[in-house]
1. Here are ARG122, ARG54, ARG72: which of them is under 22 Å from ARG44 (Cβ atoms), at pLDDT 90 or above and surrounded by fewer than 20 Cβ atoms within 10 Å (Cβ to Cβ)?
2. Taking the conditions exactly as written (of a type in the set (Asp, Glu) and buried (at least 16 other Cβ atoms within 10 Å of the Cβ)), does GLU101 satisfy them or not?
3. Taking GLY16 as the residue in question, decide whether it is modelled with pLDDT of 75 or more and not acidic (Asp, Glu).
4. Return the residues of the range 75-112 that are small (Gly, Ala, Ser) and touching a helix residue (DSSP H, G or I) at 6+ places or on another chain (Cβ under 6 Å); say none if nothing qualifies.
5. Counting only residues that are assigned to a helix (DSSP H, G or I) and either surrounded by 14 or more Cβ atoms within 10 Å (Cβ to Cβ) or in contact with a Cys (Cβ under 8 Å, 6 or more places away or on another chain) (or both), how many does the range 77-94 have?
6. Looking at the range 106-163, which of its residues are of a type in the set (S, T, N, Q) and part of a helix (DSSP H, G or I)?
7. If ARG64 satisfies every condition in (1) surrounded by 15 or more Cβ atoms within 10 Å (Cβ to Cβ); (2) among the charged types (D, E, K, R); (3) at pLDDT below 90 but one, which is the exception?
8. I need a count of the residues in the range 40-66 that are over 19 Å from PRO91 (Cβ atoms) and small (Gly, Ala, Ser).
Amino acid sequence: MHNESDKGEDTGRPSGKKPELGLARGNADPRAGESALAREFAERALAPLINDLRGRSGELEPRRVASAVGMRLEQLAGCLELPEEELQKSPPPEYLEARLEPFAMVIGVVRDVFGGDNNRVRSWLRTTRPELDGQTPLDAMCVPAGIQSVIHFVLNAWLGNAD
């Protein structure tokens, strides 16, 4: 039975519309897209899978993210289109967290799929995928529009959605 006060009110429940896929806070990397629903889901579901990418401050650490994807710090800097010095600052600049979150999201999903096997994660990231126009996920993540494609691909595969 419905309460009369419920009629016509916005209950705050999500609509049937698919959210934009991305994980970003505050000063988000515009290449990653934003969605509060995707952010909340990713933070809750993936947090345990990416705790090792965070430092004592709780922020994502560039060196740890680079290592997880099998890159050197200078390669990650190039991929993020930032000077390497920005990635070496301690504490890291506030905007850096938003730039690293999409990488952490992909790492977390792929780790979950492969049971935490970091070697398989790195291998998967370096294998060409027809779903990404023949690019490797790692190469696609380093192209402005590519990170969104990789996130969309891994989340749909992880959630079992056929798109």
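The values are calculated or read from the model by the stated rules, or taken from the named source; none is laboratory data. Values in this document were obtained by computation on a predicted structure and should not be read as measured data. Neighbour counts run over all protein chains shown; Cβ positions are idealised from the backbone, glycine included.
1. None of the other options fit; the residue is ARG54.
2. yes
3. Here the answer is no, as GLY16 does not meet what is asked.
4. ALA77, ALA104, GLY108
5. Residues in the range 77-94 being assigned to a helix (DSSP H, G or I) and either surrounded by 14 or more Cβ atoms within 10 Å (Cβ to Cβ) or in contact with a Cys (Cβ under 8 Å, 6 or more places away or on another chain) (or both): 7 in total.
6. Correct list: ASN118, ASN119, SER123, GLN148, SER149, ASN156.
7. ARG64 satisfies all of (1) surrounded by 15 or more Cβ atoms within 10 Å (Cβ to Cβ); (2) among the charged types (D, E, K, R); (3) at pLDDT below 90 except (3).
8. Of the residues in the range 40-66, 3 are over 19 Å from PRO91 (Cβ atoms) and small (Gly, Ala, Ser).
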